[in-house]
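The structure appears right after this line, and notes come after that.
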Amino acid sequence: MKLIDKFKSMSYEERCIFTVKFSITLNSILALGKFGLAIYKLDVFFFVAGVINILLMLAKVQCYSGIKLNKKADDTTNLLVALFLGLSGMQYTVYMSRLIFNDVPLNDYGPIISVLIAAVAFTELGIALYGCFKVAGKGYFLKNVKLINFSSALTAIVLTEVALMTFAETDMNLELISGLFGVIVGIIIFLIAVYVLIQAKISILGKERNVYKYINGDFKQEKISIKLTNSKFYADYYYEANIVDNMADGMIIKGKNPIKSWNIWILILVITLSEILIFPYAVGALIRHFKEYKMLEDLDNKMKESGFEKVDIE
């Protein structure tokens, strides 16, 4: 209880540092555990998974250094994080592809170990997904840690699939199925690495504050509000600014999700069909995220049309 109370009393920055330190420690423990299982079961699959955990841990160390030193996410840091994450994705893709092209038998883990692996994997995935939603708009370093956790959870899900399928009675080609699943996960991890590398260029994170100067005399309003997006399914973005001495100093803020205002029966129907709708909704959210950078251009153009000139605040 004292530990929980201490965590609650921490500032946001202190919680970030604690969370990342705990995450690095957890990755180290997972790596050692997988190396131990590799020796105990004489299974190279666990060894590869352990190496991946080490690479992910090194990526997290870069994030921890950034948070600890209160640095901005520069190109070098993003490159190192993306490098370790990309290497783990490539290694996993190459290793799992051997199940497709070579006659490599899968080890039989047995029902007890398989169920334990599944329990850990789905818990890890749930925590990772929860963390990804919780860090929205809270800095690149913490966001990168959550993406790394998500990548680790994906490899754990593959391991679960392999373990469960080894003692399942089926005529399917388990090596081919497991190999394809693993290759897909490896490619996803590599794509996450690419995203880490370019995210600063496509996201408005860290660029929410924008200042403009009115150059056509005196501006009469004390506040301005500009709607930057228009969607029925996703939260819209607004630019809210106060005007002082012809200077508009404001922030790009995110409004409420319109889905929350839907009729209760429509919400029930959507929840019922969530397994069908969640994928296209997620794809739409991803596309919308990649188009965020255009909001800054749109804001600059709208402010210019109103007689304002952009002021560099860096």
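Derivation of every value follows stated rules applied to the coordinates shown; laboratory data play no part. Note that the coordinates shown come from a computational prediction; the quantities given were computed from them, not determined experimentally. Neighbour counts run over all protein chains shown; Cβ positions are idealised from the backbone, glycine included.
Using R0 = 41 Å, the C-beta based FRET efficiency linking GLU305 and ILE266 works out to 0.65.
Please tell me which of these pairs span more than 27 angstrom C-alpha to C-alpha: LYS68/LYS302; LYS201/LYS260; LYS260/LYS291; LYS227/LYS260?
On the way: LYS68/LYS302 38 Å; LYS201/LYS260 30 Å; LYS260/LYS291 23 Å; LYS227/LYS260 19 Å.
Where the Cα-Cα span goes over 27 Å, the pairs concerned are LYS68/LYS302; LYS201/LYS260.
Cross-link pairs exceeding 26 Å in C-alpha to C-alpha distance, out of LYS232/LYS294; LYS232/LYS310; LYS232/LYS254, comprise LYS232/LYS310. Using the beta-carbon distance between LYS207 and ASP245 and R0 = 25 Å, what value does 1/(1 + (r/R0)^6) give for FRET efficiency, to the nearest 0.05? After rounding, the FRET efficiency stands at 0.60. Extension gain for ILE187-ILE215 works out to 5.0 nm (0.36 nm per residue, less the C-alpha to C-alpha distance). Distances between placed amide hydrogens fall under 5 Å for GLU309 paired with LYS213, TYR214, ILE215, all partners being 5 or more residues away or on another chain. Dimensions of the range 209-311 based on its C-alpha atoms, expressed as ranges along the principal axes with the largest first, amount to 56, 26, 18 Å.
Given the peptides 26-32, 294-300, arrange them by the average over their residues of other C-beta atoms within 10 Å, most packed first.
On the way: 26-32: 17.1, 294-300: 15.0.
Per-residue mean Cβ counts within 10 Å order the peptides as 26-32, 294-300.
Each residue of the range 52-65 was assigned a 3J(HN,Hα) from its phi angle through the Karplus expression (A = 6.51, B = -1.76, C = 1.60, θ = phi - 60°), giving 4, 4, 5, 4, 5, 5, 4, 5, 5, 4, 5, 5, 4, 4 Hz with x at Gly and Pro.
Here r is the Cβ-Cβ distance between PHE290 and ILE177 and R0 is 25 Å; the resulting FRET efficiency, rounded to 0.05, is 0.20. Between the amide H of GLU292 and any residue lying 5 or more places away or on another chain, no distance stays under 5 Å, with hydrogens modeled in the peptide plane.
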